[in-house]
1. When Ser302 is evaluated against the numbered criteria (1) under 18 Å from the mean Cα position of the chain (by Cα); (2) among the hydroxyl-bearing types (Ser, Thr, Tyr); (3) over 24 Å from Asn80 (Cβ atoms), which criterion, by number, is the only one it fails?
2. Looking at Tyr147, Tyr171, Tyr165, Tyr127, can you tell me which residue is at pLDDT 95 or above and either under 18 Å from Gln259 (Cβ atoms) or in contact with a His (Cβ under 6 Å, 6 or more places away or on another chain) (or both)?
3. Collect the residues in region 145-178 that are aliphatic (A, V, I, L, M), more than 30 Å from Ala111 (Cα to Cα) and touching a Leu at 6+ places or on another chain (Cβ under 8 Å), keeping them in residue-number order.
4. Any residue at all in region 235-249 that's touching a strand residue (DSSP E or B) at 6+ places or on another chain (Cβ under 8 Å), assigned to a loop (DSSP other than H, G, I, E, B), over 18 Å from Ser315 (Cα atoms) and not assigned by TED's automatic domain parsing to the domain that holds Asn162?
5. Name the residue, out of Lys356, Lys345, Lys385, that is surrounded by fewer than 21 Cβ atoms within 10 Å (Cβ to Cβ), part of a helix (DSSP H, G or I), modelled with pLDDT of 95 or more and basic (Lys, Arg).
6. Taking region 1-53 only, how many residues are closer than 20 Å to Glu128 by Cα, touching a residue at least 60 places away in the same chain (Cβ under 8 Å) and among the polar types (S, T, N, Q)?
7. For region 305-333, give me the residue count where each residue is of a type in the set (Asp, Glu) and either within 30 Å of Lys206 (Cβ to Cβ) or within 12 Å of the chain's Cα centre (by Cα) (or both).
8. Is at least one residue of region 391-409 closer than 24 Å to Asn219 by Cβ, touching a Pro at 6+ places or on another chain (Cβ under 9 Å) and of a type in the set (Val, Ile, Thr)?
Amino acid sequence: MSILSIHPTGNKNFFYLIKALKKNFLLKAIFLSLNINSNNKVYSFLPKKIRFYLKRRDFTKFKTDTYSLMPIFELSRLLNSKLKMNNIFAEKILNDFFSENKLYVRFDKEASNKIKKIHTINKVYAYEGSALETFRVAKKMGIRCIYEMPINYWREKKNIINKEYHKNKRYRKFLNYDDLKLFNKRIDEELSLADQIIVPSTKIKKSLSLYPRKLSNINVINYPYDPIIKSTKKIWFNGKLKLKVLFVGRLDSRKGMVQITEALKYLKKKKQLNNFEIIFVGSGKFYNKVKSEFNEITIYPSLPNNLVMDMMEKSDVLLFPSLFEGYGLSAVEAMSRGMAVICSKDCGFLDSCSNKDVMILKSNTSLNISKSLMVLFKNPKLVKKIGLNAINAASKYQFDEYQKKLINIVGK
């Protein structure tokens, strides 16, 4: 068995896949838009901040044929995204020319041309939005197509956002669903070409019931938790200092920013916001709003994953009230660090834990979020109890378990 694995940006999900395939001698080659060799001398001369961000694009340690299909385009896109911050002109360039959707389409075209030159492949493993042309070529070559969909099916996403749009009149400018009909059509065609479909949660599998035709061979493989910390290493909240609250992700409506913003406004009005030390890591439509309305919040537009993980180890609570979440890697990262996660019922990672391991909101409202924060602030023992349960849950589903499930399905 020989598998070609392709992904435009090479995210954490993809890293897990590559690691599992490599360990089981199934990996033939890797296609990325950009692959960096961090041992290269040129890399060492780059500014430290740039090196941090590029390090995650280094797949050379897998010692497998790895192809950078769009290095100049992707470097330009990354540079623009890091420089843009809140520059309107730079943001327009990013959205118009360097959008993620355009990256995926261009990458797919490059991959479809390159796959013709890779021999002895049995399967190609690709991801939502970047597989259409590649699958078309693969089918002609007699190569089986594995398709991973890491987030809810677009029809369900559209329904949820539109419902939220009509419910929250004051936030409508933040709640427009980007109805990219051509891109949605791509996804539908990709699904029709897939021989196997991999999803990380039962929620995504359920969302695929909205697909117009019947889909068979949908397999659920939860992403693994990060290696856990020792509970004795954690400095647990004792009620004498501020409760350290963290949010990691896009500052947009899908991540529950309407509800979070209103919850924090309420706490501020009640003069309770100063009980918390709050940090946001992310950028998006709500960035300027949060920055202008809350001087109590520290915001980092972006941070390398290793620094986020260090921050999680030193924090107490993660806010994660997503409107929908295919899985929720930030949440499982936080749980492995002993954080109490406040989340909605619509998160895929709940497949792999229970309501004792996290604090699940009865309904995803700003009032419930503010109440949950105050409950945790007033109950240090509860913060520690949930944190310890989270570490225990994380310990039960590590990479080896993920690997067994994946290989059992794609390695046949």
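The values are calculated or read from the model by the stated rules, or taken from the named source; none is laboratory data. The structure presented is a predicted model; accordingly, all values stated were derived computationally and were not measured. No Cβ is skipped: glycine too gets one built from the backbone with ideal geometry, and neighbour counts run over all protein chains shown.
1. Just one mismatch for Ser302, condition (3).
2. On the way: Tyr147 fails: either under 18 Å from Gln259 (Cβ atoms) or in contact with a His (Cβ under 6 Å, 6 or more places away or on another chain) (or both); Tyr171 fails: at pLDDT 95 or above; Tyr165 fails: at pLDDT 95 or above.
Being at pLDDT 95 or above and either under 18 Å from Gln259 (Cβ atoms) or in contact with a His (Cβ under 6 Å, 6 or more places away or on another chain) (or both) holds for just one of Tyr147, Tyr171, Tyr165, Tyr127, which is Tyr127.
3. Taking region 145-178 and keeping what is aliphatic (A, V, I, L, M), we get 146, 149, 151, 160-161, 175.
When the remaining residues are screened for being more than 30 Å from Ala111 (Cα to Cα), the result is 160-161, 175.
Scanning region 145-178 gives Ile160, Ile161.
4. Looking through region 235-249, none of the residues is touching a strand residue (DSSP E or B) at 6+ places or on another chain (Cβ under 8 Å), assigned to a loop (DSSP other than H, G, I, E, B), over 18 Å from Ser315 (Cα atoms) and not assigned by TED's automatic domain parsing to the domain that holds Asn162.
5. Details: Lys356 fails: part of a helix (DSSP H, G or I); Lys345 fails: part of a helix (DSSP H, G or I).
Sole residue among the options that is surrounded by fewer than 21 Cβ atoms within 10 Å (Cβ to Cβ), part of a helix (DSSP H, G or I), modelled with pLDDT of 95 or more and basic (Lys, Arg): Lys385.
6. Looking only at that region, the number is 4.
7. 2
8. No, there is no match, as no residue in region 391-409 is closer than 24 Å to Asn219 by Cβ, touching a Pro at 6+ places or on another chain (Cβ under 9 Å) and of a type in the set (Val, Ile, Thr).
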